[in-house]
Amino acid sequence: MEEVICQDRSESRDDATSDLTAGSHLLQERSVGGDKGDHGRRIRSCLANVPNEVWQQIFSFAQTWREYQDAGDDGIPLPEAMEYRNLATICAVSRSWRQIAIGHRNLWTSLPTLVVRTMEDLPGWNLVRDGENSKRWIQLFLSRAGGSLPLACRITIYPIAWAQDQGAIRDAVKILTDQCHRWATVTLLIPLAAIAPLLSCIEGKLPMLSTLALDTTLGTAIPDSIDDYTLNLFLKAPKLRTAYIEWKFWDSYASIPNVKINLPWSQLERVSANVPGGSLYKDLIEAQPVDLKEFRYSASETSVSPTLPTPIILPNLEHFSVQSDDDEPSLIDHLDKLTLPALKYFSFERPGDVPPNVFDTKLISLIQRSGCSLEMLDLEPYNQPSSLYFDILALSPKLTAIKVGHPGIAELLRKLVLDTASPNPLLPALQMLELRDYPSSRGPRARLDVNALMRVVRSRTLDLPQYSTGGETGRVWKPLDTVVITSYDIRSLYDDLTLWESQELGDRFRKYGSPDPLAFPSALTPSRAESALRKFRALHYKSPSEAGFFAMAADMGRLLDELEALDVENTNTSILVRRGFLHQLNYYYASWKEVAFPDMPQGAREVIHAISTRAKHILDCWRPCILRDLAACPYVWEFDDWDDGGSPSTKMTRWHVRPGEEGTSWHGLISEGSSEADDR
């Protein structure tokens, strides 16, 4: 089927292809009511009058998808990837759609990703790619994109594949590098050792390049006998405005080479760099890029500090984020020479040898000199904040998000209780608060003072004036929407929050007819919840034999028996949301359409359908009770697995369901979940 779709049918006279097109046209007619008399004719008539330009715009939307990546709060998402197979499907629907799509060259300028990998590159995944299939698709797209329009391309080469078959990979990549003069956006995920052999031919030939993403982290080891590495390939790119650089080495015991990446720094507008250190930070700041809007910098080794003989102004810089393992005080000296009038987001990891009050003094001077008003603040490491820290907060009344860590949390929570009667309340616009702890590897996790936390939360949610129009002061209060808590004792936090809700929100629960939060289903205690969640994950990801599959299905049936027996009408169901049950039941069961392994046993489809149908029935039965209990509680808490080690976190989201939106809210609850589930 794929080969037939790839074939350019504008020149083809193959009967099978014509039959496929005719058959697809019939399917299109039926899908819009072609076999339902006047109704179908009216729909077809409407579609026939849609201008080609509108269809072309619709087709372009059908291509776009954003590849999943864990960018975090401080990451710039990679350029959008295009799902090129959607275009193939569009061309197979009808002759007219195919002609419209082929006639619009812009649709074909986002080229399919060239991927080359072996089984050894991704152990346990049956995802071998030799690049040949990608080559055919790329050649087809190039033939339909014309010879002059700017292109977007992606190249992903895995290190073991590169080591095993460099010749074939060079031939495949050459198809794209021959078009480098047309590159507008390029995403390169390739090993360090492959950069020069594959890309040396593009140097000085990038007149259209505006966006560059370069990632060398696919299992890259440090090449032998490399002390210094200089990258000049993208230095001559007159239109380059955005650069993403991920340049990491996995061998932490080896000597890290000195890496120097040369880009046209003075013309850049957005830069995200995750590098082992070196002079990148110095080179960018000293180039004085006046159009720079976002700068995110992270270094695992010592960074060369900028040297600014005279003050400089970066008038458009809104996002300034620096994380470095460098303890040298000289790393922050240049802050005294910077003026950043547009600054909104400031995140800086204070060098270990710099006392907090010294750093805070420099930041206060920067804010006052720039005349900026911060909206997000994240300062590390989290020692006891000096009194100057609260001066920084007072200078930033527009702050909507702050991140702070132990041991400064107790004092911060005391001051963050909002006094709406005060003429100068602290952080009146605060909407996101993140609290972190850094526990000892051997010691117990700290127990957060829930009463202190919820005094802050309540003062900024339930106790706010119902209608805040500003009044005589012109002030509009912003409710606290999100609280994130990381690396504390999450199990104790769950218990303490449940107790607080039972004691403080009893009237609300009675008003909505919701059972007391302490009355959770007896068969689903927090410990039992952990066990059930592990079953969800384990049963889904196993790849058993035929006998194993049916044994797994029997386990699924028993687990569904237990969930079906829960007394959700007479007990509080909040644990089903807080531990991700709704999302995982929907994801792993109700939406389960096929097994995760290629050889499906006979009868498996019927079993899967039965499990999926039953899971959907359970969700439908739970729905009214879930929404009842959520309406009673103004906050939705989601907890990570507190027995799984690592850095478990908790997220609170302010819950507000507007009349008529219960369905949308329910869909959000069962669709949201951890990133672990997003890797299906």
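In the range 378-391, the residues that are polar (S, T, N, Q) reach residues that are surrounded by fewer than 15 Cβ atoms within 10 Å (Cβ to Cβ) and at pLDDT below 85 with C-beta atoms within less than 7 angstrom, at least six apart or across chains, in these pairs: Q384/P407.
One line per residue, one yes/no per condition, for (1) under 19 Å from L630 (Cα atoms); (2) at pLDDT 75 or above:
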position: V476; (1), (2): no, no
position: T486; (1), (2): no, yes
position: T498; (1), (2): yes, yes
position: P517; (1), (2): yes, yes
position: S531; (1), (2): no, no
position: S543; (1), (2): no, no
position: M556; (1), (2): no, yes
position: E562; (1), (2): no, yes
position: T573; (1), (2): yes, yes
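In the condition set (1) closer than 16 Å to R436 by Cβ; (2) more than 31 Å from the chain's Cα centre (by Cα); (3) not acidic (D, E), S330 is compliant with all but (1).
Picking from residues in the range 86-114 that are of a type in the set (V, I, T) and in a helix (DSSP H, G or I), the one that is most open to solvent (accessible area, probe 1.4 Å) is T89.
State all residues of the range 292-307 that are of a type outside the set (K, R) and assigned to a strand (DSSP E or B); if no residue qualifies, say none. Please lay out each step first, then the result.
Step one: of the range 292-307, the residues of a type outside the set (K, R) are 292, 294-295, 297-307.
E294, F295, Y297, S298, A299, S303 - these are the residues of the range 292-307 that are of a type outside the set (K, R) and assigned to a strand (DSSP E or B).
Every residue, every condition in (1) assigned to a loop (DSSP other than H, G, I, E, B); (2) at pLDDT 85 or above, yes or no:
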| residue | (1), (2) |
| --- | --- |
| N357 | no, yes |
| T361 | no, yes |
| Q368 | no, yes |
| S373 | yes, yes |
| Q384 | yes, no |
| D391 | no, yes |
| L412 | no, yes |
| T420 | yes, yes |
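In the range 272-283, is there at least one residue being more than 15 Å from I245 (Cβ to Cβ) and among the aliphatic types (A, V, I, L, M)? Looking through the range 272-283, none of the residues is more than 15 Å from I245 (Cβ to Cβ) and among the aliphatic types (A, V, I, L, M).
The residues of the range 553-567 that are surrounded by fewer than 22 Cβ atoms within 10 Å (Cβ to Cβ) and either more than 32 Å from the chain's Cα centre (by Cα) or in contact (Cβ under 8 Å) with a residue 40 or more places away in the chain (or both), listed by number, are A553, A554, D555, G557, R558, L560, D561, E562, E564, A565, L566, D567. In the set P407, P428, P397, only one residue is open to solvent by 30 Å² or more (accessible area, probe 1.4 Å), at pLDDT 90 or above, closer than 30 Å to L462 by Cβ and in a loop (DSSP other than H, G, I, E, B); that residue is P397. Pairs linking a residue in the range 499-513 that is charged (D, E, K, R) to a residue that is not in a helix (DSSP H, G or I), with Cβ atoms under 6 Å and 6 or more positions apart or on different chains, are E501/P517. Which of the residues spanning the range 308-334 are part of a loop (DSSP other than H, G, I, E, B) and closer than 17 Å to P355 by Cα? Scanning the range 308-334 gives D325, D326, D327, E328.
Consider the range 596-635 and keep the residues that are of a type in the set (V, I, T) and open to solvent by 10 Å² or more (accessible area, probe 1.4 Å). The one that is modelled with the highest pLDDT is T613.
Number of residues in the range 475-507 that are within 10 Å of P517 (Cα to Cα) and of a type outside the set (V, I, T): the value is 8.
Residues being open to solvent by less than 40 Å² (accessible area, probe 1.4 Å), in a helix (DSSP H, G or I) and at pLDDT below 90: count how many of those fall in the range 141-161. Explain how you work it out, then say what you get.
Pass one, the range 141-161, residues open to solvent by less than 40 Å² (accessible area, probe 1.4 Å): 141-142, 144-146, 151-159, 161.
Remaining after also requiring in a helix (DSSP H, G or I): 141-142, 144, 159, 161.
Of the ones still in play, those that are also at pLDDT below 90 are 159, 161.
Total meeting the criteria: 2.
Within the range 287-320, being of a type outside the set (A, V, I, L, M), open to solvent by less than 60 Å² (accessible area, probe 1.4 Å) and more than 30 Å from the chain's Cα centre (by Cα) holds for S305, P306.
Do we have Q323 as open to solvent by 30 Å² or more (accessible area, probe 1.4 Å), among the polar types (S, T, N, Q) and modelled with pLDDT of 90 or more here? Before the answer, list the steps.
Values: open to solvent by 30 Å² or more (accessible area, probe 1.4 Å): yes; among the polar types (S, T, N, Q): yes; modelled with pLDDT of 90 or more: no.
Answer is no for this residue.
Being modelled with pLDDT under 65, surrounded by 19 or more Cβ atoms within 10 Å (Cβ to Cβ) and under 30 Å from G405 (Cβ atoms) is the requirement here; does W642 meet it? For W642, the condition - modelled with pLDDT under 65, surrounded by 19 or more Cβ atoms within 10 Å (Cβ to Cβ) and under 30 Å from G405 (Cβ atoms) - is met.
The values are calculated or read from the model by the stated rules, or taken from the named source; none is laboratory data. Keep in mind that this is a model prediction, so the values were computed, not measured. Here Cβ is always computed from backbone atoms with ideal geometry, including for glycine, and neighbour counts include all displayed protein chains. These area figures cover heavy atoms from the full protein model, side chains too; ligands, DNA and RNA do not enter into them. Shrake-Rupley method; radii C 1.70, N 1.55, O 1.52, S 1.80 Å.
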